[in-house]
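Below you'll find the structure, written out as structure tokens, and then a few comments.
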Amino acid sequence: MNPRVNEISGSLIREMHARKRPTSIDLGLGEPSLLPNPQHFERALHYVAEHGVKYTPNAGDSELREAIAAHYRYPTMERADRVCVTVGSQEAMYVALKTLLDPARDELLVVEPAFPSYAKMAALEGVSLRSVEMQAKDGFAFDGERIAAAVSARTRAIVLCSPSNPTARVITTAAAEALTRALQRRDGEPVWLIHDEIYRE
């Protein structure tokens with residue numbers, strides 16, 4: 001068994017959730033309170049009845065990838081071949097870290113406060129972790145220059161979440177541009193910016 005698994009602590013979020021009382025207001029898990037639209041289930045059942053259940057291509061169904069690319073229209077990512085469908089954002093993050101970082105030499109920089117799974121994924125992969133704290137006195141606003149100043153010679157990727165989990169802060173255009181400019185001025189290998197957008201919509 002991978003010894004790193006034993007070094008990773010359990011989820012504090014789940015621990016707190018287990019302690020809730022009947023009078024507690026649960027703000028711990030990002031679970032929607034609205035029920036899904038029944039029409040979506042009907043369409044899915046109709047599709048399965050007509051086509052059966054089959055494996056999709058490794059990167060995901062081509063029509064779905066085209067729809068995702070058209071919906072987001074990110075620069076340089078407008079084509080379906082730039083989209084990979086995963087089972088949720090946790091898998092997407094894990095695939096990104098596994099693909100972009102070499103545990104023997106690379107470091108991951110996490111913008112804090114942050115969702116705790118980022119650190120756990122890095123630990124599981126044996127990737128060195130560094131963090132940069134956004135300041136409570138500033139309402140945890142993203143500070144592009146502060147983030148860039150925390151980049152070391154070994155940093156190969158930065159993870160930030162906007163809107164932030166847990167603070168709900170959104171990175172401003174000015175902060176994003178400051179971070180981009182600072183990273184472009186940096187010598188050495190490029191740094192990947194992994195933007196977790198789970199709460200974008």
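When you look at residue 53, is it over 16 Å from residue 201 (Cβ atoms), surrounded by fewer than 11 Cβ atoms within 10 Å (Cβ to Cβ), not assigned by TED's automatic domain parsing to the domain that holds residue 165 and not basic (Lys, Arg), yes or no? So residue 53 fits the description; yes. For beta carbons closer than 8 Å, sequence separation of 6+ or different chains, a first residue in the stretch 76-93 that is within 21 Å of residue 125 (Cα to Cα) and a second that is acidic (Asp, Glu), the qualifying pairs are 89/196; 93/196. With respect to the stated conditions, residue 143 is within 20 Å of the chain's Cα centre (by Cα) and either in the same structural domain as residue 103 (by TED's automatic domain parsing) or buried (at least 18 other Cβ atoms within 10 Å of the Cβ) (or both). Of all residues in the stretch 146-155, those that are outside any loop (DSSP other than H, G, I, E, B) and surrounded by fewer than 20 Cβ atoms within 10 Å (Cβ to Cβ) total 2. Do we have residue 186 as of a type in the set (Lys, Arg), under 20 Å from residue 118 (Cα atoms), in contact (Cβ under 8 Å) with a residue 12 or more places away in the chain and surrounded by 13 or more Cβ atoms within 10 Å (Cβ to Cβ) here? It is false that residue 186 is of a type in the set (Lys, Arg), under 20 Å from residue 118 (Cα atoms), in contact (Cβ under 8 Å) with a residue 12 or more places away in the chain and surrounded by 13 or more Cβ atoms within 10 Å (Cβ to Cβ). Number of residues in the stretch 22-48 that are farther than 25 Å from residue 199 by Cα and hydroxyl-bearing (Ser, Thr, Tyr): the value is 2. Could you tell me whether residue 193 is touching a Lys or Arg at 6+ places or on another chain (Cβ under 8 Å) and modelled with pLDDT under 95? So residue 193 fails the test.
Surrounded by 14 or more Cβ atoms within 10 Å (Cβ to Cβ), among the small types (Gly, Ala, Ser) and part of a loop (DSSP other than H, G, I, E, B), is that true of residue 114? Spelling it out, residue 114 is indeed surrounded by 14 or more Cβ atoms within 10 Å (Cβ to Cβ), among the small types (Gly, Ala, Ser) and part of a loop (DSSP other than H, G, I, E, B).
When residue 13 is tested against (1) surrounded by 10 or more Cβ atoms within 10 Å (Cβ to Cβ); (2) in a loop (DSSP other than H, G, I, E, B); (3) not charged (D, E, K, R), only condition (2) is not met.
The values are calculated or read from the model by the stated rules, or taken from the named source; none is laboratory data. The model shown is predicted, which means the values in this text are computed figures rather than measured ones. Glycine gets a Cβ as well: all are built from the backbone with ideal geometry, and neighbour counts include every protein chain shown.
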